[in-house]
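What follows is a set of notes on a single structure, which appears directly below.
A short reminder: the numbers here are calculations on the coordinates, not readings from a lab. Source: prediction; values computed, not measured. All Cβ positions, glycine included, derive from the backbone under ideal geometry; neighbour counts span all protein chains shown.
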Amino acid sequence: MADQSEIRRATPNDYDALADVMFDAVRHGASQYTEAQREAWLPRPRSGASWAERLNAQIVYVAARSTHLSGFMSLATDGYIDLAFIRPSDQGSGVFRRLYAAIETASRNNGATRLWVHASLMAQAPFAAMGFSIIKQETVEVGGQFLDRFKMEKHC
């Protein structure tokens, strides 16, 4: 299915919808994590001042369809891609690739020469397809559960 989303900068009015996209992707999307791991990772959708502060401090792009947000990706300081989530119903449609292109352009415009990410087991392959290399595999503890992830980077 071809992506029909508009890629644009997020606004504060999008923040609740972004939390829903993240929750949907983590809790309901195809996953290599157990249900207990997914629940520990994200027990409920993000909200409130801390969520808004996190997003306000970053460059955030959304993929917006006429009826919903398909996904989003954020760029923090030092070329760090902090958040990258695609709604399960929109995965495989090219949304990830288009969001990443916007993030890479923003990063270059800000003078970054390196992008890096802590990629989940599901995000590792899409980031690899964008030219990222694995630096190391890590295991982190979240809510009493152990989750594997990859530290990845790309020089641009």
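Remarks
- Which labelled figure in (i) 39, 37, 35; (ii) 58, 39, 37; (iii) 56, 28, 24 is Cα extents along the principal axes in Å, once derived from the coordinates: (i)
- For the stretch 81-156, applying the loop criterion from DSSP together with a ceiling of 11 other beta carbons within 10 Å to the GluC sites (Glu not before Pro) yields no site.
- Spatially, the stretch 25-86 and the stretch 101-139 are offset by 15 Å when compared through their Cα centroids.
- Hypothetical label at S66: residues of the stretch 8-50 whose amide nitrogen lies under 19 Å (7 Å Cα-Cβ projection): 8
- Residue-averaged [θ]222 nm for the chain, counting only DSSP H segments that reach four residues, each worth -39500 (n - 2.57): -9500 deg cm²/dmol
- Gain in span if fully extended, E53 to E39, counting 0.36 nm per residue against the direct Cα distance: 2.7 nm
- Stretched out straight at 0.36 nm per residue, the stretch from D78 to R8 would grow longer than its current Cα-Cα span by 23.0 nm.
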